[in-house]
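First comes the structure, then the notes that go with it.
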Amino acid sequence: MSKVNLAWMIYRRTRVAFAFTGFIIMYSLYVGILNTTVLLIAVSVFFAEMFGVCYNDYHDIDEDLMNKRTDKMIVNNTLTCRQMKFISVCMFFASIAASAFSGFLPLIVLYLLMAFLYSNPKVRLKKYTIKGYLTVASTWLLIPLYMGVTLRGMLNLIDVFFAMFFFFQYTYLLSQKDSTDPKDKTNLFIRSGWKRASAICTALGFLSSLFLFMVSFASVPLLMVWGINLAVKVGQNHRVHMKRIDRSSRSNFTLMEFLTHYIWIGGAFV
């Protein structure tokens, strides 16, 4: 395997984790609490999300083989199941360690529990699709509120706006797998038709965009970031509605979703 292909696979498996650390940093920049503790929180969130990714890949092997997911490291023999399981355990304890030093342990434990329940064969929240996604995303509803109380000793409307943005954006990102993959025979999200999938994604995208606007309207550069994100969501949902979506186009669209948080951070500095 070439180094380019390996780098691409690593990017594909880590991009969500990097996006979520961007969540933490953009919130802390806006409210003026970016410090070492916040960076430790961001690191703990990164490791917790990577635990979820690795644990999910470990339990999804049969489904991924059926769907010929050659971008998955177990399917293409880059890693064995045993190695993936070992990495997930390492990510689990790394997130616990980082959060213990930041005072963020309670929410990280909740996050890890949700990641475990999302993929564990005995529970498998992901099989409930939108209900499962909303349940998992509830952790992101709490994160800004928890940080506001523990790091600033108070809550305000901005904390609520960020909490709602995190919640709906995370749900929107989770739902993209099932709403944009018509070739997946195990896809529960679209069994009742494209209209339902399109309507759900449009609603989630609208709510996510609405709360991103609320934390961006005071700055022209941030409004530009919001506009780019809105355009990406419109394009994505249009392709879903027109049944012109596939894994490749989905990946191109969601790349901008993952980058939004870092572009927003750049706009905040401007």
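Table for the structure above
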{"quantity": "DSSP H segments from the chain that extend 15 Å or more along their own axis, Cα-based, with Kyte-Doolittle mean of 1.6 or above", "calculated": "105-119"}
{"quantity": "THR150-VAL123 FRET efficiency (beta carbon distance; Förster radius 35 Å; 0.05 resolution)", "calculated": "0.75"}
{"quantity": "Per-selection Kirkwood Rh - segment 3-269 (Cα, Å, 1 d.p.)", "calculated": "18.9 Å"}
{"quantity": "Taking the chain and dividing mean pair separation by its residue count, relative contact order in percent (alpha carbons under 8 Å, at least six apart)", "calculated": "18 percent"}
{"quantity": "Filter on LYS131/LYS195; LYS122/LYS233; LYS72/LYS195 - keep pairs with C-alpha separation over 22 Å", "calculated": "LYS122/LYS233; LYS72/LYS195"}
{"quantity": "Paramagnetic reach from ILE61 in segment 76-116 [backbone N under 17 Å; point 7 Å along Cα→Cβ]", "calculated": "76-90"}
{"quantity": "Span from the segment 228-270 Cα centroid across to the segment 124-147 one, whole angstrom", "calculated": "21 Å"}
{"quantity": "Cβ crowding within 10 Å averaged over residues, with 164-177, 143-156 ranked highest first", "calculated": "164-177, 143-156"}
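Readers should treat all values here as calculations from the given coordinates under stated rules, not as data from a laboratory. All figures in this text were calculated on a predicted structure; none of them were measured in a lab. Cβ: placed from backbone, ideal geometry, glycine included. Neighbour counts: every protein chain shown.
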